[in-house]
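Take a look at the structure below.
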Amino acid sequence: MINLDQYEVWFVTGSQHLYGDEALKQVDEDSKIIAEALDKSDDIPVNVVFKPVLTTPEAIKNLIVDANNEENCVGLITWMHTFSPAQMWIPGLKILDKPLVHLHTQFNEKIPYESIDMDFMNLNQSAHGGREYGFMLSRMRMDRKVVVGHYKNDKVQKQLGTWTRSACAWADWQGMKVARFGDNMRNVAVTEGDKVEANIQFGYSVPGYGVGDLVAKVDAVAESDIKALLADYEKEYNINTEAQDSIKEAARIELGMRAFLEEGGFKAFTTNFENLYGLKQLPGIAVQRLMADGYGFGAEGDWKTAALVRAMKVMSSGLEGGTSFMEFYTYNLEEDNMNVLGAHMLELCPSIASEKPELDVYPLGIGGKNDPARLIFNTNTGPGVNATIMDMGNRFRMLINPCDVIEPKADLPNLPVARVLWEPKPSLEVESAAWILAGGTHHTGFSMAVNTEHLEDFATMAGIEALIIDDDTNIRDFKKELKWNELYYAYKQGM
Ligand code: MN
């Protein structure tokens, strides 16, 4: 359900008439070569579309009108081959509503010491053209990413690719619908927030449905479809239980939920174990498998995390490593071995599984329903990231924390849920203090495919606060950053 092939980024070059037709022809040709190189790059998952060089305010504005209107265009890569007096960019930039990256590169990699003359100098002026352009973006207070280096460099293409993935996720959010089955878990604070403000800021809406609406779909599922799905379960998982009725009921719920989400055009959803009226068990395997297919998910009515998980699914499409809804569950607090065991009641995504999952049925302990079926698995080890978004009252705040996923020291034979063990960066001690001081949620979007840079780029596109907790973090500075940001966001309205 996620297809990045449908998207494109436009490669846009700025110049001016001063250089004459000959030079502009050269600028056009060079730009085409760069756009083609980026289009061919394995790091950039969408089409890079070359656009003719821009030399007037009218042309710039027209291009940006077109970009705004082209649904498949997820953003602009902008480059100044020569000097492009930046007042020309004002009318266009004023109306731009797509993400923008400034590629500060030049056509030549090396200074041609032997042959360089003033013609060459006039044609290859990115070094100051890019700065003039950068001034205008800063003068207009436009947040953006700046990528510096020769366009053929791996590092440059990777940075552009990361930004492109985030731009796809941003495009995916525009007009997205997050289905909320039931409401928020009663009295929980951090999973709540202003859904109207989210629609304005993020572009997605969160319509709520009575669980009865879902139950109607579940009840309408055909027995033959259940049979076919059970055959898939048998192929894909090791089934470790005699509780066939429970698995059958879980399959029925999956089919009903899938039908509901497909018919309504939803890309993410939430459930709430307190609100299951008419469902015989909490959706476990259903949620897990829908997430594996690309749906965003948040438990207990957590629509912000559901939307974020979906965005991370889009960013990571086609990359190694999975992405899941996650919760900080319990700690290992030995002084020299401090880490987090992440899990949930049931709902981790099997895209992060390191092995063929086990399908099993156990009591839930809370919620008062029948024993739910769930997939149980361990995860691969390696770098991962946790991220979350909170509604701070006057703004949304994103927290980003890279981590190392590690092997559990021993088997967990009595733990009937999927689990991940990780060491946060720079340490559990610093991460947890910083995360808590920032008001971070207990739920996250967790990924072993997405990294800090994807999320940072995404926060820039969304225009929200982003706080990164990593190896550069110390608590004393982090507390200052929180206070400075309060001031910044209090004043930002007027900027
Ligand atoms: Mn939870």
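What to note about this one:
- Cα-based shape type of the range 178-494, given that a ≥ b ≥ c are square roots of the gyration tensor eigenvalues and the cut on a/c is 1.5: oblate
- Equivalent ellipsoid semi-axes, the range 178-251, via Cα gyration tensor eigenvalues times 5, rooted, Å: 34, 15, 13
- Whole-number accessible area per residue in Å² for the chain, which is evaluated in the context of all protein chains at 1.4 Å: 44 Å²
- Annotation: aspartates and glutamates with alpha-carbon distance below 18 angstrom to K409 (same-chain offsets under eight excluded): E334, E335, D336, E355, E423.
- Taking label points 7 Å from Cα along the Cα-to-Cβ direction, M118 and M142 give a separation of 3.3 nm.
- Among the listed pairs K195/K425; K51/K492; K227/K304; K25/K61; K177/K479; K158/K479, those with a Cα-Cα distance over 24 Å are K195/K425; K51/K492; K227/K304; K177/K479; K158/K479.
- Nearest-ten-degree value, helix 126-139 long axis tilted from longest Cα axis of the chain: 60 degrees
- Overall size of the range 374-493 from C-alpha positions, given as principal axis extents largest first: 53, 28, 23 Å.
- Where GluC sites (Glu not before Pro) in DSSP loops with at most 15 other Cβ within 10 Å are excluded, longest remaining stretch of the chain: 356-495
- Overall, the accessible surface of the range 4-173 at a probe of 1.4 angstrom is composed of carbon and sulfur to the extent of 49 percent.
- Taking only protein heavy atoms and a 1.4 Å probe, the accessible area of the range 178-494 is 48% carbon and sulfur.
- Calculation over all alpha carbon pairs of the range 4-173 in 10 angstrom steps from 0 returns a P(r) of 10, 41, 37, 10, 1, 0 percent.
- Over the chain: helical MRE at 222 nm, DSSP H runs n ≥ 4 each giving -39500 (n - 2.57), nearest 500: -12000 deg cm²/dmol
- Net +/- balance of residues flanking P207 in space, Cβ distance below 14 Å, scoring K and R +1, D and E -1: +1
- With both residues required to sit in the chain, DSSP beta bridges show an antiparallel share near 50%.
- Of G134, T241, T452, farthest towards positive along the dipole that unit charges on Lys, Arg, Asp, Glu beta carbons give the chain: G134
The values are calculated or read from the model by the stated rules, or taken from the named source; none is laboratory data. Fair warning: this is a prediction, and the values are worked out from it, not measured in the lab. Glycine also receives a Cβ, built like all others from the backbone with ideal geometry; neighbour counts cover every protein chain displayed. All accessible areas refer to the heavy atoms of the entire protein, side chains included, with ligands and DNA or RNA removed. Shrake-Rupley method; radii C 1.70, N 1.55, O 1.52, S 1.80 Å.
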